[in-house]
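Here is the structure we will look at, set down as structure tokens.
The values are calculated or read from the model by the stated rules, or taken from the named source; none is laboratory data. This structure is a prediction, so every number in the text was calculated from the model and none was measured. Ideal geometry is used to build each Cβ from the backbone, glycine not excepted, and the neighbour counts take in all protein chains shown. Side chains are part of the model used for accessible areas, which takes the heavy atoms of the whole protein and leaves out ligands, DNA and RNA. Shrake-Rupley method; radii C 1.70, N 1.55, O 1.52, S 1.80 Å.
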Amino acid sequence: MKLASLLIPATIIALSACGHKSSVQTEDDAVALTPAQQLLQRLQRIQATGKVMFGHHDSPCYGHLWQYEPGRSDIKDVCGDMPAVMSWDLGGIEHLDSLELDGVPFDFIRREAARHDSLGGINVFSWHLRNPATGGDAWDTSAGDIVSQMVAEGSPLNDTMQIWIGRAADYLSSLRRSDGSKLPVVFRPWHEHTGGWFFWGEPNTSPEAIKALWALTRRVFDQKGVDNVLWAYSPDRCTDGGLQTYLRSYPGDSLVDILGADVYHRVEMSPDQGLTAYKEATDSTLGAVVTLAKERGKIAAFTETGLDNVVDPRWFPDVLLPILKKYPVAYVCVWRNAMDKPQEYFAPYLGHPSAEPFKEFYADTTTLFLRDVARIK
Ligand code: BMA
């Protein structure tokens with residue numbers, strides 16, 4: 001599809017990420033770069049096209065009313081191509097579970113992430129870990145401010161977190177390409193912290209503790225020498241004009257490579273109110289993301305979005321696409337088409353009223369799917 005204008009602009013790329021010293025590299029130097037730096041360069045080249053990769057959570061694992069059919073994805077069923085970005089979750093890795101929190105085997109993710117990478121796609125990981133104080137899930141906020149204890153050196157919860165973060169680091173750094181080299185990925189911990197639904201959310205703790213949690217996370221990864229991970233920061237919507245809320249718990253440029261945001265089109269309001277609120281929230285939040293990313297030399301991303309059940313069948317071409325044209329992020333990701341909860345889906349599936357309009361979104365020159373992005377080396 002639509003590949004004519006995929007020109008790769010820069011041969012000189014500025015690198016200033018992963019806590020590594022800023023430097024300027026030519027493509028000839030690529031062999032000396034870490035896997036993370038190589039992925040960063042590629043994301044910079046993708047971002048420079050002004051086009052946006054499309055991503056979907058757990059896309060090859062299951063979809064609406066099917067699961068684990070090799071090579072299948074609801075997105076592929078609808079448009080014939082896979083998402084450019086595969087989103088995965090690490091929830092459960094902290095206990096060394098064999099399945100993540102939605103039942104996907106970590107071994108399946110390991111294989112599929114490598115396969116997706118080999119086809120030219122990008123892999124991103126979130127982490128809905130359990131609450132280390134209560135044993136409940138990530139949404140268990142009953143123990144109050146546990147993040148302050150998690151970051152307090154010498155405390156029992158700090159000891160637990162060093163182990164848990166270490167397990168996330170071990171899993172991500174164990175991912176391999178078929179040639180044995182490390183698979184570069186994006187990691188997006190502590191997401192949506194501007195909301196109160198996760199135990200690490202601002203209403204349950206403090207900006208200082210969240211920053212310290214990021215620093216702890218980076219320290220554990222760095223101590224283990226992990227060099228295949230890029231770091232994405234992704235608050236939920238910031239409706240105050242963006243910047244102040246966005247940056248309140250920001251851990252600093254040296255710890256973050258990708259400035260993202262999660263903003264959903266909510267269905268609980270009337271359709272008109274919902275649409276207005278979504279446009280306002282994306283204007284304010286993605287406005288901040290794109291501006292800050294440009295100023296700070298970071299990658300911009302729309303790390304999660306969606307309209308549950310795609311209740312407006314023309315949502316992808318008529319609502320999301322204009323937003324992506326206005327705010328040129330490197331990628332946009334919609335959440336899962338849950339097999340275990342058939343009433344939850346954020347992407348079209350074959351036969352759904354949004355499937356035909358989705359083909360317009362797919363065919364637009366702004367969006368990049370797997371076959372497109374494979375051509376941007
Ligand atoms: C939520 C829902 C849950 C799921 C969680 C983590 O938004 O999709 O069903 O368990 O994400 O993937």
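Summary of computed values
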item: Selection from region 43-94 of residues that are crowded, with 20+ Cβ neighbours inside 10 Å, within 17 Å of Val229 (Cβ to Cβ) and more than 16 Å from the ligand (Cβ to nearest atom); result: Leu43
item: Condition broken by Asp159, with the remaining ones in (1) open to solvent by 40 Å² or more (accessible area, probe 1.4 Å); (2) in a helix (DSSP H, G or I); (3) touching a helix residue (DSSP H, G or I) at 6+ places or on another chain (Cβ under 9 Å) satisfied; result: (3)
item: Subset of region 341-355 (residues that are loosely packed, with under 15 Cβ neighbours inside 10 Å and either under 19 Å from Ala84 (Cβ atoms) or in contact (Cβ under 8 Å) with a residue 40 or more places away in the chain (or both)); result: Pro342, Leu350, Pro353
item: Number of the exception - Arg176 against (1) within 16 Å of the ligand (Cβ to nearest atom); (2) open to solvent by 20 Å² or more (accessible area, probe 1.4 Å); result: (1)
item: Qualifying residue in region 281-296 (condition: open to solvent by less than 20 Å² (accessible area, probe 1.4 Å), among the aliphatic types (A, V, I, L, M), out of contact with any Phe, Trp or Tyr (no Cβ under 9 Å at 6 or more places or on another chain) and closer than 23 Å to Thr367 by Cβ); result: yes
item: Total residues in region 95-129, condition within 12 Å of the ligand (Cβ to nearest atom), open to solvent by 10 Å² or more (accessible area, probe 1.4 Å) and under 21 Å from Trp231 (Cα atoms); result: 1
item: Residues located in region 221-235, provided they are open to solvent by 10 Å² or more (accessible area, probe 1.4 Å) and without any contact (Cβ under 8 Å) to a residue 60 or more places away in the chain; result: Gln223, Lys224, Gly225, Val226
item: Any chance Phe302 is in a strand (DSSP E or B), open to solvent by less than 10 Å² (accessible area, probe 1.4 Å) and either away from the ligand (no atom under 16 Å from the Cβ) or aromatic (Phe, Trp, Tyr) (or both); result: yes
item: Matching entry among Ala300, Ala347 (being modelled with pLDDT of 95 or more, within 21 Å of Ser59 (Cα to Cα) and touching a helix residue (DSSP H, G or I) at 6+ places or on another chain (Cβ under 6 Å)); result: Ala347
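Residue by residue, here is whether (1) part of a helix (DSSP H, G or I); (2) away from the ligand (no atom under 16 Å from the Cβ); (3) open to solvent by 20 Å² or more (accessible area, probe 1.4 Å) holds:
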{"position": "Asn309", "(1), (2), (3)": "yes, no, yes"}
{"position": "Asp318", "(1), (2), (3)": "yes, yes, yes"}
{"position": "Leu324", "(1), (2), (3)": "yes, yes, no"}
{"position": "Pro328", "(1), (2), (3)": "no, yes, yes"}
{"position": "Met339", "(1), (2), (3)": "no, no, yes"}
